[in-house]
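As structure tokens, the structure follows; a few thoughts come after it.
The values are calculated or read from the model by the stated rules, or taken from the named source; none is laboratory data. None of these values were measured; they are calculated from a predicted model. Counting neighbours? That spans all protein chains shown, and the Cβs are built from the backbone with ideal geometry, glycine included.
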Amino acid sequence: MSYENIIVETRGKVGLVTLNRPEALNALNKDLIDELSEALSTFDKDEDIGCIVLTGSEKAFAAGADIKAMADNEYVDTYLTDFLANWDDVTRVRKPVIAAVAGFALGGGCELAMMCDFIIAADSARFGQPEIKLGVMPGAGGTQRLTRFVGKSKAMELCLTGRMMDAEEAERSGLVSRIVKAEDLVEDAVATAGKIAEFSMPIVMMTKESVNRSYEVSLSEGVRFERRLFQSMFATTDQKEGMKAFIEKRKPAFKNR
Ligand code: CO8
């Protein structure tokens, strides 16, 4: 498939997807989301790819859903077509997806970043859920995921006032894993992804699955789920190799088995 709204590249074992609608600060429309879903699913199935990075431009990761494209939508049509239903396809990707965010990550852009497994922010990054200013509210997980990341008080304030927070506030409140210089963002995210891609793929995927499980179940169920997965890892060749390599003081050669 050829893409018009995203750029898709591979860097070693890393799949890199760059949102590319510069004329609209990467505002998200149906075509872009369809292309993104296709690209992510292709990388997810590709055995040579171990981790994915999703990024935007220096000015904007994404300034939200495309306001011009949805301004005239009618309720019945949005209901019948289940508008936004496939916008969270990124959460169904089984390999890790890192959001590398510079500039604006607003509305659907902030929601898209939060659907990824973790966020690395450039010092220029600005996050917010400004939908309230448009007479709507977040529609792709903003009220839910932001609350889990930063807690009720800050999520409520951000959603009710529409104010933006800068990278430092986002890091302080737990939304982003760390901040890097804007000029180093993509390189840093790709290097981080490359490091993850060197580990055993099934173990990486199970680790992601287990962390994500913590959002869905009680602590005791989550711990039980984790323990069962941990036990199952002793059925893998990579567990044998990883521990043997440690004892023999050498680098492990994982086989993804
Ligand atoms: N939709 C459409 N076009 C946009 C958007 C957008 N969200 N954001 C910016 N643009 C366009 C502008 O209209 C402008 O185009 P033109 O030159 O043709 O007028 C161009 O991008 C550049 O923008 P600005 O001139 O406004 O640039 P500034 O640097 O002055 O301002 C801002 C940057 C502050 C980011 C400003 O553009 C802005 O406030 N944008 C809107 C932000 C917003 O309200 N986002 C929320 C949208 S609603 C939403 O996301 C609902 C979520 C639904 C679920 C999504 C699931 C993933």
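If you go through the stretch 56-79 and keep only what is farther than 15 Å from residue 29 by Cβ and among the small types (Gly, Ala, Ser), you end up with just 57.
Evaluated against (1) away from the ligand (no atom under 12 Å from the Cβ); (2) in contact (Cβ under 8 Å) with a residue 40 or more places away in the chain; (3) more than 17 Å from the chain's Cα centre (by Cα); (4) over 23 Å from residue 17 (Cβ atoms), residue 148 falls short on exactly one condition, (3). Which one of 42, 78, 91 is at pLDDT below 95 and assigned to a helix (DSSP H, G or I)? Step by step, each of 42, 78, 91 is checked, and only 78 is at pLDDT below 95 and assigned to a helix (DSSP H, G or I).
Under the condition of being of a type outside the set (A, V, I, L, M, F, W, C) and under 18 Å from residue 19 (Cα atoms), the residues counted in the stretch 109-145 number 5.
To keep it simple, each residue is scored yes or no on (1) over 22 Å from residue 14 (Cα atoms); (2) within 16 Å of the ligand (Cβ to nearest atom); (3) not polar (S, T, N, Q).
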{"position": "58", "(1), (2), (3)": "no, yes, yes"}
{"position": "69", "(1), (2), (3)": "yes, yes, yes"}
{"position": "90", "(1), (2), (3)": "no, yes, yes"}
{"position": "95", "(1), (2), (3)": "no, no, yes"}
{"position": "102", "(1), (2), (3)": "no, yes, yes"}
{"position": "105", "(1), (2), (3)": "yes, yes, yes"}
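Scanning the stretch 19-41 for residues that are more than 10 Å from the ligand (Cβ to nearest atom) and touching a residue at least 40 places away in the same chain (Cβ under 8 Å) yields a total of 5. Restricted to the stretch 156-257, the set of helices (runs of 4 or more DSSP H) holding at least 2 residues that are among the small types (Gly, Ala, Ser) comprises 167-172, 185-198, 219-232, 237-247.
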